[in-house]
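So the structure is just underneath, and the comments pick up after that.
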Number of protein chains: 2
Amino acid sequence: MIKVVIAEDQTLLRDALATLLGLESDIEIVGLAANGREAHDAIRRQDPDLVLTDIEMPDMTGLELADLLRREQSRTRVVIVTTFDRPGYLRRAMEAGVSGFILKDGPSADLAGAVRRVMAGERVVAPELAARAWDEADPLSDAERRLLRLAEAGLDSPAMAEATGLARGTVRNYLHSAIGKLGAANRIEAARRARQKGWL
Amino acid sequence: MIKVVIAEDQTLLRDALATLLGLESDIEIVGLAANGREAHDAIRRQDPDLVLTDIEMPDMTGLELADLLRREQSRTRVVIVTTFDRPGYLRRAMEAGVSGFILKDGPSADLAGAVRRVMAGERVVAPELAARAWDEADPLSDAERRLLRLAEAGLDSPAMAEATGLARGTVRNYLHSAIGKLGAANRIEAARRARQKGWL
DNA sequence: TGCCGCAGGTGACAGCTGTCATGCGCGAAG
DNA sequence: CTTCGCGCATGACAGCTGTCACCTGCGGCA
């Protein structure tokens, strides 16, 4: 029996996945979580073989969860299931030592098959992503990433300087550098491009 | 037997919903579609009692589908299932004559129940939305809406003037007005707020 | 006819943005 | 020890942004 915890913030999908996998005779759903923290608690309590997790969730993302489990040397394997076809996510997931990375857009039929293959020691990656995994490394520094996130939220430079403790000029320098690296015309386009690549 | 077509662009969720509803003895899934156009074709062919549809899909949204079916005086009832808790969407859905509006974040247990209630002639709306449906009308003019969409994409004022055929000053006037209406500090924040309300 | 409202436009101005040159301190590499 | 790169900063400047006052033409409408 493969014991599985599911972490996904959309109730409907979470329950649907649980039903779907619960129909398999060799899989048992031992926990449901609506965010990373709940998932971590459930994993502590249930010691499952595998956790199926979304990335974008409130209160700890799936990537942070994977990283935490790796640091704790948990025996629970991690399979990421995400909407977002962003190379940066796959890269970070791999660095966090996940065992699988599949897309919500992908074929659903062999979700159970993917779970079984992972338990057999295989590493399962959505084929449409595998090829593009390493084709572009994240060029952003931490400071640039942070400022792009603030720009996305609508702050202007003085507000960002206030929020980060940097000088206004430095804020502009970082943004300038990020704009250059991303080939954008301004901070808004830069933020959009970075977000789309999974670098924010 | 209630005949249902499901329209949802995420394969995983689409198949999971189909499995979930297919388990009910009085519901039969007669079609699956990955976008609004496919859904429309499936409805033509199958003449189902009800279509369960997402809003944000490529190649015709769920709202456009609902509107089309209303104009065609189709007997198929429409139930919207969406991630997005945006009052503007509910308003537009109601104007398109949908029979139900439920959230992916809502309780999944009674999805089948909602389907049955709709078939019994009830109008089913996610309770967390019902109260807020009419509390704020879209204050934006078409010109403002259009410019906010361009702002969101990272264009600056001269580029927007170019794209719309308006004078630069006029572009700034419209944005100024939109910023005022939305209580934002700049065009970026204005675009974010409008998007969040479902007005873009 | 005269007045209003409205879409679209102009001009001015303070402040923000993107770009560039330049500087300083500090830790790593030679 | 010196040099280099890097993080952080400054100053200057053209161009964009947000705000405001005001103008024009046009379709209603009393």
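The values are calculated or read from the model by the stated rules, or taken from the named source; none is laboratory data. These figures come from a predicted structure and were not determined experimentally. All Cβ positions, glycine included, derive from the backbone under ideal geometry; neighbour counts span all protein chains shown. Please note that ligands, DNA and RNA were not included when accessible areas were found on the heavy atoms of the full protein model with its side chains. Shrake-Rupley method; radii C 1.70, N 1.55, O 1.52, S 1.80 Å.
Can you tell me how many residues in segment A:185-200 are farther than 15 Å from A:ASP138 by Cβ and not β-branched (Val, Ile, Thr)? Before the answer, list the steps.
As a first pass, look at segment A:185-200 and keep what is farther than 15 Å from A:ASP138 by Cβ: A:185-189, A:192.
From what is left, the residues that are not β-branched (Val, Ile, Thr) are A:185-187, A:189, A:192.
So the count comes out to 5.
Count of segment B:151-160 residues, restricted to those that are within 8 Å of DNA strand D (Cβ to nearest atom) and either open to solvent by less than 30 Å² (accessible area, probe 1.4 Å) or touching a Leu at 6+ places or on another chain (Cβ under 6 Å) (or both), is 3.
Residue check, B:GLU24 against (1) within 14 Å of another protein chain (Cβ to nearest Cβ); (2) touching a Leu at 6+ places or on another chain (Cβ under 8 Å), all met but one. Which one? Condition (2) is where B:GLU24 drops out.
Taking first residues from segment A:169-185 that are within 10 Å of DNA strand D (Cβ to nearest atom) and partners that are charged (D, E, K, R), the Cβ contacts under 7 Å between residues at least 6 apart in sequence or on separate chains come to A:TYR174/A:GLU144; A:SER177/A:GLU144. Candidates B:ALA163, B:ALA137: the one that is more than 14 Å from chain A (Cβ to nearest Cβ) and open to solvent by 30 Å² or more (accessible area, probe 1.4 Å) is B:ALA137. Among the residues of segment B:59-99, those that are in contact with a strand residue (DSSP E or B) (Cβ under 7 Å, 6 or more places away or on another chain), closer than 19 Å to B:PRO127 by Cα and not in a loop (DSSP other than H, G, I, E, B) comprise B:VAL78, B:VAL79, B:ILE80, B:VAL81, B:THR82, B:TYR89, B:LEU90, B:ALA93. State yes or no: is B:GLY113 within 14 Å of chain A (Cβ to nearest Cβ) and either open to solvent by 10 Å² or more (accessible area, probe 1.4 Å) or closer than 26 Å to B:LEU182 by Cα (or both)? Against the criterion (within 14 Å of chain A (Cβ to nearest Cβ) and either open to solvent by 10 Å² or more (accessible area, probe 1.4 Å) or closer than 26 Å to B:LEU182 by Cα (or both)), B:GLY113 qualifies.
Among helices (runs of 4 or more DSSP H) entirely within segment A:107-200, having at least 2 residues that are within 12 Å of DNA strand C (Cβ to nearest atom) and either farther than 30 Å from A:GLY97 by Cβ or at pLDDT 90 or above (or both) singles out A:142-152, A:157-164, A:168-182, A:187-197.
Condition check ((1) assigned to a loop (DSSP other than H, G, I, E, B); (2) under 18 Å from B:ALA120 (Cα atoms); (3) over 22 Å from the mean Cα position of the chain (by Cα); (4) hydrophobic (A, V, I, L, M, F, W, C)) across all residues:
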| site | (1), (2), (3), (4) |
| --- | --- |
| B:ARG14 | no, no, no, no |
| B:LEU17 | no, no, no, yes |
| B:LEU21 | no, yes, no, yes |
| B:GLY31 | no, no, no, no |
| B:ARG44 | no, no, no, no |
| B:MET57 | yes, no, no, yes |
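When the residues of segment B:78-104 are narrowed to those that are crowded, with 20+ Cβ neighbours inside 10 Å, under 19 Å from B:ARG195 (Cα atoms) and of a type in the set (Ser, Thr, Tyr), which ends up farthest from the other protein chains (Cβ to nearest Cβ)? The qualifying residue farthest from the other protein chains (Cβ to nearest Cβ) is B:TYR89.
Residues are listed down the side, and each one gets a yes or a no for (1) under 18 Å from A:ARG75 (Cβ atoms); (2) crowded, with 23+ Cβ neighbours inside 10 Å:
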{"position": "A:ASP15", "(1), (2)": "no, no"}
{"position": "A:GLY22", "(1), (2)": "no, no"}
{"position": "A:ASP26", "(1), (2)": "no, no"}
{"position": "A:ALA39", "(1), (2)": "yes, yes"}
{"position": "A:ASP49", "(1), (2)": "yes, no"}
{"position": "A:ASP59", "(1), (2)": "no, no"}
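Residue check: A:ASP142 meets all listed conditions (1) within 15 Å of DNA strand D (Cβ to nearest atom); (2) within 14 Å of chain B (Cβ to nearest Cβ) but one, namely (2).
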